[in-house]
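Working notes, beginning with the structure itself.
Values quoted throughout were computed directly from the atomic coordinates according to the rules given, and no laboratory measurement underlies them. Just so we're clear, the structure is a prediction, and the values are computed from it rather than from any experiment. Using ideal geometry, Cβ is built from the backbone for each residue, glycine included, and neighbour counts are taken over all protein chains shown.
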Amino acid sequence: MIIDGKIIAQKIKDKARNCCSDCYRKPNVVAFMLGDNPSSEAYLRMIERTCKSVDFGYSLIRLDVTISEQELLEKIIEKNNDDEVDGILVQMPLPEHISEERVIMTIAPEKDLDGFHPMNAGRLFKGEKATRPCTPLAVITIFKELDIDLEGKYIVVIGRSNIVGKPLAVMLMQNNATVTICHSRTVDLADHTRKADIIIVAVGIPNFLTRDMVSEKAIVIDVGMNEVDGKLVGDVDFENIKDVVHMITPVPGGVGPVTNAVLLLNVIEHFRGAQK
């Protein structure tokens, strides 16, 4: 079975639209972008379309790449203090003269849509209420929408980044899964993946997971996004695996649309928190 992320994303959008239909104001997102980066432009256009599709406010603040770190931090603080702003995004990467860590630390945890602030990361690790990073949240949402019970499942996560692999492993364990984190240098990786009920690949290497590494029972979630010969491909050898495994997400059209949609869930959480 090929999992259609677009259908799941639409369900999330419908839910988001209904959640705020009777509120006194609409939720608002502010994004910062420094310089001109085609990939960043494309991503933020997608976020804008997602927000506007459910009648959420969205504004993009474009800044010159030469802006000082202090000026950027002051602009972020200004939006932290704006009661009409519910979520803040700062598009990475940043110029070398600006510290990503200081920028992330400056965004108020209650407006941090990416879930990168150490306060949110720590709360997530402790199992407390926190803004969850969008890609791990998207993966968990896919399982929930498909009624896939994670309890007792053996799940292999290939990838150990702070953005996907590590927080996702924590969220899976909070759903009572048994989790093994692997990576591109794991010895005898196929020994782990062939035993897995679920394999989640977020390693950033095209076609990394191959036919000989999976079993017929496996559910394969491909988080990778790589450009090969002008085409977007994942970390999974999709064409050679899709007819073998139990379920699989394609690239594009799998995790990506859900990731964009679950950003709305984080916006709603911040919006509701601001109303209390």
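The table for this structure:
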read-out: Ratio of Rg to Rh over region 56-211 (Cα coordinates, Kirkwood Rh, two decimals); value: 1.04
read-out: Dipole magnitude of region 134-256, debye to nearest 20 (Cβ charges: Lys/Arg +1, Asp/Glu -1, about Cα centre); value: 340 debye
read-out: Amide H partners (placed H, <5 Å) of TYR58, local residues excluded; value: VAL29
read-out: Rg in Å to one decimal, and Dmax rounded to a whole Å, for the chain via C-alpha atoms; value: 19.0, 56
read-out: Ranked THR180, THR135, criterion: other C-beta atoms within 10 Å, fewest first; value: THR180, THR135
read-out: Cα extents of region 23-108 along the three principal axes, largest first (Å); value: 41, 29, 18
read-out: Region 1-145 - Kirkwood radius from inverse mean 1/r over Cα pairs (Å); value: 16.6 Å
read-out: For region 245-276 and region 10-30, distance of Cα centres in Å; value: 13 Å
read-out: For region 165-245: Kirkwood Rh in Å [reciprocal of mean 1/r, alpha carbons]; value: 13.2 Å
read-out: In order through region 95-101: 3J(HN,Hα) via Karplus (6.51 cos²θ - 1.76 cosθ + 1.60), integer Hz, x for Gly, Pro; value: x, 4, 7, 10, 7, 4, 4
read-out: Eligible lysines near LYS153 by straight Cα distance, threshold 23 Å, same-chain separation 8 or greater; value: LYS126, LYS144, LYS166, LYS195, LYS217, LYS242
read-out: Separation of alpha-carbon centers, region 205-223 and region 39-99, rounded to whole Å; value: 35 Å
read-out: Share, in percent, of DSSP beta bridges within the chain that are antiparallel, nearest 5; value: 10 percent
read-out: In Å, descending, principal axis extents of the Cα set of region 120-276; value: 52, 37, 29
read-out: Under the Karplus curve 6.51 cos²θ - 1.76 cosθ + 1.60, θ = phi - 60°, whole-Hz ³J(HN,Hα) for region 23-39, x wherever Gly or Pro sits; value: 7, 6, 8, 8, x, 10, 10, 10, 10, 10, 9, 9, x, 10, 10, x, 5
read-out: Under Karplus coefficients 6.51, -1.76 and 1.60, residue-wise ³J(HN,Hα) of region 41-49 in Hz, glycine/proline x; value: 4, 5, 5, 6, 5, 5, 5, 4, 4
